[in-house]
Amino acid sequence: MVCPKCGAPLEDGATFCGNCGTKIEGGGAQPVSQQNSDQGSVFCPNCGKRLSAGDVFCDECGFNLAAGTAGNAGTKGIKGIIASVKASKKLKIIIPACVAGVLVVGIGIFAAANLSGGKSDLPTKLVYFKDQGMMMVDLKPRKPKPVELTDSYSRSHNPSGTVGGRYVSKDGKYVIYKEDYDGDTYDLFLAKVSKPKEGKKIDSNVSGYTLLNNNTLLYKKKNSLYYYNGKESKRFAKDVKSYRLDESQKNLYWSETDRGETTYYYQDLAQKKEAVELEDDVDKFYAEKDLKNFYALKGDKLYQIDKAGNKERVADDISEILSFDSETGVFHYLKTDMVEQEYGKFVRDDSSDGIPERQQERLDEEKFEYEAKSLYLFDGNKEQLISDRYNYMVSYSVSEKGQYFLFTEYPDLESVEVLWSDMENSSWNSCIKQEMSEEAVTVLSSGGQKIGEYGDIDQVAQAIFHSESGKLYISTVDENGEDFMIWQTSLSGSGAGTLAEYDEGEGIRLQAADGKGLYYLKDYDYDDECGDLYYNKKEVLRDVYGAASVNDGGSMVLITDYDDRDDCVKLSLWNGKKAIPVAEEVNYADKAEDNTFVLLTDYNHSREEGDLMYFDGKSLRKLDEDVSAFVQRDSIDW
């Protein structure tokens with residue numbers, strides 16, 4: 001089943017969509033077979049669109065998946081953090097968040113793939129798009145002085161809203177700009193911020209780039225990868241499909257495609273050593289963040305590969321990889337096995353006349369078959385069995401500071417019992433599977449060990465984990481989708497895995513957690529799509545559409561007054577005591593951890609232009625007008 005609103009996959013019987021928070025009415029979801037399969041999919045970190053695992057650029061927003069830089073298209077169709085209140089695909093708010101894991105299910109209206117944001121050490125120079133050119137402005141002065149970088153970015157492919165990627169160097173000394181973008185390629189320029197009119201043309205027909213911390217460049221041109229060392233460009237490799245740098249930006253791995261076959265390589269950027277062939281002919285390829293180890297899935301076998309190309313098989317019989325965390329090298333995956341048992345062992349005779357002889361013979365001879373799934377964890381060193389009765393995943397998070405996996409587990413087959421009166425005139429298979437589902441329990445694991453089993457709670461609606469405190473908040477909802485309960489537990493200590501009641505009520509939507517507690521909406525109205533914001537059981541503000549934490553100091557962004565006609569909202573900053581107004585009629589916004597905002601307000605979607613504004617934490621000022629898009633200030637996660 002899939003969500004009828006955002007298309008995210010759902011488990012059968014789901015009451016809410018874990019991706020966008022939409023309430024699933026009876027018969028509202030569609031069979032997954034009618035949608036694109038998730039097999040081999042990734043999600044764009046810039047706009048959240050589902051893509052094929054081999055894609056280099058997002059075909060929705062142009063984000064460079066390999067290098068962590070943006071392409072050239074505007075961020076159209078982006079599901080921002082208020083995805084559940086948006087009537088069209090125009091409004092986007094970008095807020096920093098720490099969501100670990102490849103996929104996080106059940107975090108409500110704040111979709112993991114759509115949360116991004118800046119850090120406090122961001123450059124003060126902002127690049128943006130206006131008319132047919134690119135501009136730059138310093139955010140510090142009270143009286144901004146915009147500078148034109150070029151007047152010929154594109155005549156027909158201007159971006160709208162926000163654009164991802166790094167255009168200003170880490171030290172703030174250099175800026176990237178582009179000319180003659182035709183929808184696929186462009187001329188790439190690098191200029192000193194102090195002398196923007198004296199930019200140097202790096203190359204033409206460029207399709208993507210990465211601006212490194214030392215102000216050199218990696219870029220793609222006609223499927224070849226080039227390295228610009230500050231003086232000249234040199235081809236690094238040809239037929240490159242994707243690439244990724246390590247954290248030092250001195251080494252990288254890349255994939256080359258030749259006649260339909262993909263091979264992965266590793267080499268130092270200076271090319272002082274020969275390239276190492278890591279693996280070829282793989283189904284999926286994974287890399288740890290520091291490129292210490294690589295992993296290749298070939299058929300049902302998982303291999304661990306080091307930088308020298310040495311390969312070791314670490315797991316067999318894998319049917320599906322559920323998650324991989326590049327920071328820790330932790331995998332969660334499934335193995336399957338066909339299990340069969342005579343139907344008669346499931347049946348309890350509750351009839352007055354007994355089971356007919358012919359039917360009894362069938363019960364004793366015919367067998368129930370189902371595909372049993374076992375959940376495993378590989379931590380980079382060893383494989384651990386978590387459950388041999390896995391049903392489906394509810395939510396998970398993996399990071400260096402903690403990990404959990406929340407899933408449902410079937411009962412042992414030996415304990416499943418079905419009344420003959422239920423089976424007599426029904427499908428035997430369906431009756432047994434229904435009984436198994438009804439007896440399934442929710443299980444919490446951490447570090448490969450089960451720490452909690454919950455057979456007496458309602459269906460899990462959402463889960464939010466705060467890694468710093470190790471606290472996990474879970475909301476459950478009754479079968480009518482009306483009455484909610486919030487539970488709290490921790491992943492370590494004497495109370496690890498023990499659920500404690502936190503709060504209850506109707507229409508609860510979890511928003512964000514900090515070290516001291518939880519923000520959540522109560523009395524959520526699915527027609528008006530807003531609710532009352534609470535923090536630790538105390539009401540903070542009424543009629544809130546959404547909220548998200550923006551830094552470790554407890555600051556929150558509050559979204560209110562949604563206008564579905566103009567696709568705009570009012571933004572406020574909550575400091576723990578009061579709401580500080582930021583701006584009204586906001587269509588696009590980028591929030592940094594220092595409580596500053598860059599915004600587009602009063603945006604005309606037909607003309608694709610609005611007022612570019614800056615909130616410095618205290619006051620709002622205009623930077624420019626008639627702006628079509630601006631570059632997000634978030635740093636690239638190498």
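Report yes if some residue within region 516-524 is in contact with a Gly (Cβ under 8 Å, 6 or more places away or on another chain), outside any loop (DSSP other than H, G, I, E, B) and either among the β-branched types (Val, Ile, Thr) or within 21 Å of Leu375 (Cα to Cα) (or both); otherwise report no.
no
What is the number of the single condition among (1) in contact with a Cys (Cβ under 8 Å, 6 or more places away or on another chain); (2) farther than 30 Å from Lys471 by Cβ that Phe294 does not meet?
Exception for Phe294: condition (1).
Inside region 197-299, counting only strands (runs of 3 or more DSSP E) that do not spill past its ends, which hold 2 or more residues that are among the small types (Gly, Ala, Ser)?
Passing ranges, in order: 233-237.
Please go through region 459-487 and pick out each residue that is without any contact (Cβ under 8 Å) to a residue 24 or more places away in the chain and in contact with an Asp or Glu (Cβ under 6 Å, 6 or more places away or on another chain).
Residues satisfying the conditions are Thr476, Asp478.
Could you list, in sequence order, all residues of region 324-346 that are closer than 19 Å to Ala372 by Cα, under 21 Å from the mean Cα position of the chain (by Cα) and hydroxyl-bearing (Ser, Thr, Tyr)?
Within region 324-346, just Tyr333 meets the criteria.
Quick check on region 432-476: of everything there that is small (Gly, Ala, Ser) and open to solvent by 20 Å² or more (accessible area, probe 1.4 Å), which residue is farthest from Lys516 (Cα to Cα)?
Ser437
Of all residues in region 512-532 being of a type outside the set (Phe, Trp, Tyr) and open to solvent by less than 20 Å² (accessible area, probe 1.4 Å), which is nearest to Tyr545 (Cα to Cα)?
The selected residue is Cys530.
Assuming Ile432 fulfils every condition listed in (1) in a strand (DSSP E or B); (2) modelled with pLDDT of 95 or more apart from one, which condition is it?
Here Ile432 meets the rest and fails (1).
Any chance region 198-217 includes a residue that's within 30 Å of the chain's Cα centre (by Cα) and within 15 Å of Val127 (Cβ to Cβ)?
The answer is yes; a qualifying residue exists.
Is it the case, given these coordinates, that Glu312 is in contact with a strand residue (DSSP E or B) (Cβ under 6 Å, 6 or more places away or on another chain), within 20 Å of Gly448 (Cβ to Cβ), modelled with pLDDT of 95 or more and open to solvent by 40 Å² or more (accessible area, probe 1.4 Å)?
Yes.
If you check every pair at least six apart or on different chains, which have Cβ atoms under 6 Å apart with a residue in region 237-258 that is without any contact (Cβ under 8 Å) to a residue 40 or more places away in the chain first and a residue that is outside any strand (DSSP E or B) and among the acidic types (Asp, Glu) second?
Hits for this filter: Glu256/Asp239; Thr257/Asp239; Asp258/Asp239.
Consider Tyr545 carefully, then state whether it is crowded, with 18+ Cβ neighbours inside 10 Å and free of Cβ contacts under 8 Å to residues at least 60 places away in the same chain.
no
Mind telling me which of the residues Ala315, Ala296 ends up being over 23 Å from the mean Cα position of the chain (by Cα), aliphatic (A, V, I, L, M) and more than 30 Å from Asn205 (Cα to Cα)?
Matching residue, one of Ala315, Ala296: Ala315.
Quick check on this structure: which one of Leu375, Leu385, Leu363 is at pLDDT 95 or above, under 24 Å from Asp316 (Cα atoms) and open to solvent by less than 70 Å² (accessible area, probe 1.4 Å)?
After applying the criteria, what remains is Leu375.
Looking at region 574-588, I want the residues that are polar (S, T, N, Q) and have a partner that is part of a strand (DSSP E or B) and surrounded by fewer than 23 Cβ atoms within 10 Å (Cβ to Cβ) with Cβ atoms under 7 Å, at least 6 apart or on another chain. Which pairs are those?
Taking only residues 6 or more apart or on different chains, the pairs are Asn587/Thr601.
Which one is farthest from Ala592 (Cα to Cα) among residues in region 149-178 that are in contact (Cβ under 8 Å) with a residue 40 or more places away in the chain and open to solvent by 50 Å² or more (accessible area, probe 1.4 Å)?
This residue is His157.
Only residues that are of a type in the set (A, V, I, L, M), surrounded by fewer than 18 Cβ atoms within 10 Å (Cβ to Cβ) and over 23 Å from Lys170 (Cβ atoms): list them for region 236-294, please.
Of everything in region 236-294, those that are of a type in the set (A, V, I, L, M), surrounded by fewer than 18 Cβ atoms within 10 Å (Cβ to Cβ) and over 23 Å from Lys170 (Cβ atoms) turn out to be Ala275, Val276.
Does Ser426 qualify as being more than 25 Å from Lys301 (Cα to Cα), polar (S, T, N, Q) and in a helix (DSSP H, G or I)?
No, not satisfied.
Based on this model, can you work out whether Lys577 counts as farther than 30 Å from Lys289 by Cβ, modelled with pLDDT under 95 and either out of contact with any strand residue (DSSP E or B) (no Cβ under 8 Å at 6 or more places or on another chain) or of a type outside the set (A, V, I, L, M, F, W, C) (or both)?
For Lys577, the condition - farther than 30 Å from Lys289 by Cβ, modelled with pLDDT under 95 and either out of contact with any strand residue (DSSP E or B) (no Cβ under 8 Å at 6 or more places or on another chain) or of a type outside the set (A, V, I, L, M, F, W, C) (or both) - is met.
The values are calculated or read from the model by the stated rules, or taken from the named source; none is laboratory data. Note that the structure is a prediction, hence the values are computed from the model and not measured. Using ideal geometry, Cβ is built from the backbone for each residue, glycine included, and neighbour counts are taken over all protein chains shown. Ligands, DNA and RNA are excluded from the accessible area calculation, which covers all protein heavy atoms including side chains. Shrake-Rupley method; radii C 1.70, N 1.55, O 1.52, S 1.80 Å.
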